[in-house]
Protein chains: 2
Amino acid sequence: MVKAERIRIYDVARVAGVSVATASKALNDTGRMTEETRRRVKQTAAALGFRPNAMARALTQQRSFTIGLLTNDTYGRFTLPVMAGVSEALVDQGVSVFLCGIEDDAALARLHLDAMLDKQVDGIIATGKRIDRRLPVDLSHLPVPVVYAFTEGPDDAVTLVSDDAQGAREATQWLAQIGRKALVHITGPESFVSVAARAGAFRAVAGRGAQVLHGPWSEAWGHAAIAKLWDGDAPRPDGIFCGNDQIARGVVDALRERNVEVPGDVSVIGFDNWEIVAAATRPPLTTIDMNLKELGREAGRLILDLAEGKPVEPGIRKLPCKLVLRQSCGGDAIAVRNQEEMLQES
Amino acid sequence: MVKAERIRIYDVARVAGVSVATASKALNDTGRMTEETRRRVKQTAAALGFRPNAMARALTQQRSFTIGLLTNDTYGRFTLPVMAGVSEALVDQGVSVFLCGIEDDAALARLHLDAMLDKQVDGIIATGKRIDRRLPVDLSHLPVPVVYAFTEGPDDAVTLVSDDAQGAREATQWLAQIGRKALVHITGPESFVSVAARAGAFRAVAGRGAQVLHGPWSEAWGHAAIAKLWDGDAPRPDGIFCGNDQIARGVVDALRERNVEVPGDVSVIGFDNWEIVAAATRPPLTTIDMNLKELGREAGRLILDLAEGKPVEPGIRKLPCKLVLRQSCGGDAIAVRNQEEMLQES
DNA sequence: CCTCAATGGAAAACCCTTTTCTCAATATTG
DNA sequence: CAATATTGAGAAAAGGGTTTTCCATTGAGG
């Protein structure tokens, strides 16, 4: 650690032979001066490695160039991609992000929230692990704007979620497209709004009679569901769309244990594109990606607009999911053909 | 969003009928005044919901009450627990944490670092996914203190790592203790320092002839290693210590496929205690936990001490790992007996 | 010579807390 | 009963570096 003297705008001004006022205006592209002066100041600043002190800047601009990200997602399954997107959208603007993990503890949430408000954050992004649950803290009367990403907020809030129905549609249509006829959806607990949305879209494509099985979000449930389907007398499916990648992994493992070929006999699609699960499955999972990083980027852009006082339409924005092809689904020939068609169209 | 006027110390002073100077002193337990006055001011502040503006405070105290956490761990496997610990240690002191994910991009790292320095962070914690690799940015001549946690730093730095050798020793000793005789260590690439440390400790306990197999950090390698061990003519092990939980999962799955009972015939121990892997394995993995959260807490405490100018001894601090018992290892009776003994001793 | 535009500078504003210094009032001492 | 010490509390400045406002200077054109 070296207590190097920081270069101040005063130094830049002195070296460039102008006043601090002119230096400031030169660097911020405001005020009036010859291009030559502006260029010289900028050059000097660059040469000296001048970087404006954000704290001093905050004084005059009423902005701290910091935002807070509040999450109750301990594993980071959803938060990390969102965070990465948020950061990416903001770092270029010199905005840094406070990350606060609050688990489901209201007191802890309050503590973090207060600490951030004390630091005059320009805005807060609330994010969670479930789009139909709220964080254990009320963010609706804060002195700063709030964007909700992948968590529920008040009706008049700016909220970003992934489009579960569209994602489920993509998956189901893909199964149909590669020739699977008997489709089943093995998914999470009915109480989740996203489960209902996905199941609804699945039925809309697969036919109202298509079977939907609900259970916990676990590999074990994937196993159990396959046991239920294969050990009974009912006709067996040849296409299985799972509510998340963990269930899908359980399903694939269970099928392999029964010597059912994936994707030869049965095609399986997951949901989440959680690399760590999807890539380790044998064969690797074709799955739906929720584009959480893009969701984060959008959240970053929105909170920035709000912080700058730009108008932002409140309401729920659904961002599209996309199908990620690996090997658990087969139909590669069709996949290639379709991609070629898409290329030709564009 | 409600632009509620923030309560300033001026307001507290007015309501309490004292000057701002007195109010400040009352709230900070400095200066001289009657207990009655101090109490009245504090009560007023609480009643009005006064919270000091951290930015103004930073002006006089030369501290921003923020620290930065720099990481290149995209999945958050290591970062998230560390981050949780750091936060936990700091939030009570009113310190907030900037999280910056820099992947392995030096330019991005620089960008984040500059943004944080501009905001006058009181210190920086560098963290990574590997203790023998450095972040792609030089942190050795910054105007603020740095603590390295789970990543390599300069020799004269304050560095925190988990004690790989001790963790491996715990695991191997446990296998020996429950009666396993033929031990094998299936682990990651030799190039990792932690792999060497763990392998060394394994050999020290299991005997110099005990086999160590190196491969990638994947489930697939776990499978492949079992194939190698079981398909050859060599005597088969009855205790397997794995370099991480993913390998261990591959091992357990491969053994099940060969109808080898875990833990009946073979005991398996993992490393990392990555819930999402360890708990989903059938049977759930007994594994070594690196206490990353505690490591984060310690990093938080250290950076705080450094920020306050307290002396901190430089060097590498190794924090102990601990064995987490689940079902892949068996020896439950022994486990219970030992725990009872420990209870009696304490 | 006057006016105007262009350029650049001096100084205030920005924000709110903490700290220093001072003073009055009371207590203590010789 | 002075003279000194102690206590309680307030006024004002410091703390920080940038941005912004407004004014001064210069040179050109009328």
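What follows draws every value from the coordinates through simple rules; no lab data is involved. What you are looking at is a predicted structure, and each value in this text was computed from that prediction instead of being measured. Here the Cβ is made from the backbone with ideal geometry for all residues, glycine too, and neighbour counts use every protein chain on show.
Structure summary
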quantity	calculated
Label point distance in nm, B:T60-B:R130, each placed 7 Å from Cα along Cα→Cβ	4.9 nm
Nonlocal amide H pairs with B:S64, under 5 Å, H built at 1.01 Å	B:D122
Environment charge at A:D163 (Cβ cut-off 11 Å; Lys +1, Arg +1, Asp -1, Glu -1)	+3
Calculated FRET value between A:K322 and A:Y75, using beta carbons and R₀ = 25 Å, to 0.05	0.65
Shielding by partners - mean other protein chain Cβ count within 10 Å, residues of A:276-286	2
Calculated SAXS-style log₁₀ I(q)/I(0) at q = 0.12, 0.13, 0.14, 0.15 Å⁻¹ - segment B:69-222, Debye, Cα scatterers	-0.62, -0.70, -0.78, -0.86
Cα shape, segment A:85-142, gyration tensor, a/c 1.5 rule	oblate
FRET efficiency estimate (nearest 0.05) - Cβ-Cβ, B:A106 to A:R39, R0 22 angstrom	0.20
Mean residue ellipticity (222 nm) of chain B, computed from DSSP H runs ≥ 4 via -39,500 (n - 2.57), nearest 500	-13500 deg cm²/dmol
Between segment B:243-272 and segment B:129-179, the Cα center-to-center distance that results, in Å	27 Å
Inter-label distance, nm, simple model (7 Å from Cα along the C-beta direction), B:A176/A:Y10	6.6 nm
Karplus 3J(HN,Hα) series, Hz, for segment B:89-102 with 6.51 cos²θ - 1.76 cosθ + 1.60 (x for Gly, Pro)	6, 9, 5, 5, 8, x, 9, 9, 10, 7, 9, 10, x, 10
Taking A:M55, A:M83, B:M116 and counting other C-beta atoms within 10 Å, the order from fewest to most	A:M55, B:M116, A:M83
Volume per residue of the C-alpha convex hull in segment B:9-52, rounded to whole Å³	56 Å³
Cross-link reach list, lysines versus B:K25, counting only Cα pairs under 26 Å and skipping chain neighbours closer than eight places	A:K119, B:K42, B:K310
Antiparallel bridges, percent of DSSP beta bridges restricted to chain A (to nearest 5)	5 percent
Shielding by partners, peptide B:97-104 (average Cβ within 10 angstrom, other chains)	5
Gaussian network model of chain A, springs between alpha carbon atoms under 10 Å - residue of A:S140, A:S87, A:S24 with greatest fluctuation	A:S24
Most positive-pole-ward Cα, A:N259, A:A58, B:T187, against dipole of the protein assembly as shown from beta carbon charges	A:A58
Largest-first ellipsoid semi-axes for segment B:261-309, taking √(5λ) over the Cα gyration tensor eigenvalues, angstrom	37, 9, 4
Position B:Q327, label points 7 Å along Cα→Cβ, spacing to each other copy in nm (shortest first, one decimal)	3.0
Dimensionless Rg/Rh of the protein assembly as shown - Kirkwood Rh, Rg from C-alpha atoms	1.02
Average other protein chain Cβ within 10 Å of Cβ, residues B:118-130	2
Rg over Rh, two decimals, chain A (C-alpha only, Kirkwood Rh)	1.12
Most mobile of A:Q177, A:Q166, A:Q62 in a GNM of chain A (Cα contacts under 10 Å)	A:Q62
Alpha-carbon centroid distance for the pair segment B:46-60 / segment A:99-117, whole angstrom	18 Å
Label-to-label distance, nm, for residues given as B:R256 and A:D231 (7 Å Cα→Cβ offset)	1.5 nm
Estimated FRET transfer efficiency (A:S140, A:A47; beta-carbon r; R0 30 Å; 0.05)	0.05
Other-copy label distances relative to A:G31, 7 angstrom Cα-Cβ extension, nm	3.9
Considering only the protein assembly as shown, percent of DSSP beta bridges that pair antiparallel, nearest 5	10 percent
Most mobile listed residue (B:A157, B:A206, B:A26) in chain B, GNM with C-alpha springs under 10 Å	B:A26
Packing-based order for B:245-255, B:311-321, using average beta carbon neighbours within 10 Å, highest first	B:245-255, B:311-321
Net charge dipole size for the protein assembly as shown [Lys, Arg +1 and Asp, Glu -1 on Cβ; Debye, nearest 20]	1840 debye
Shortest-first distances to equivalent copies, position B:A234, nm, label 7 Å out along Cβ	4.9
Packing-based order for B:233-239, A:280-286, using average beta carbon neighbours within 10 Å, highest first	A:280-286, B:233-239
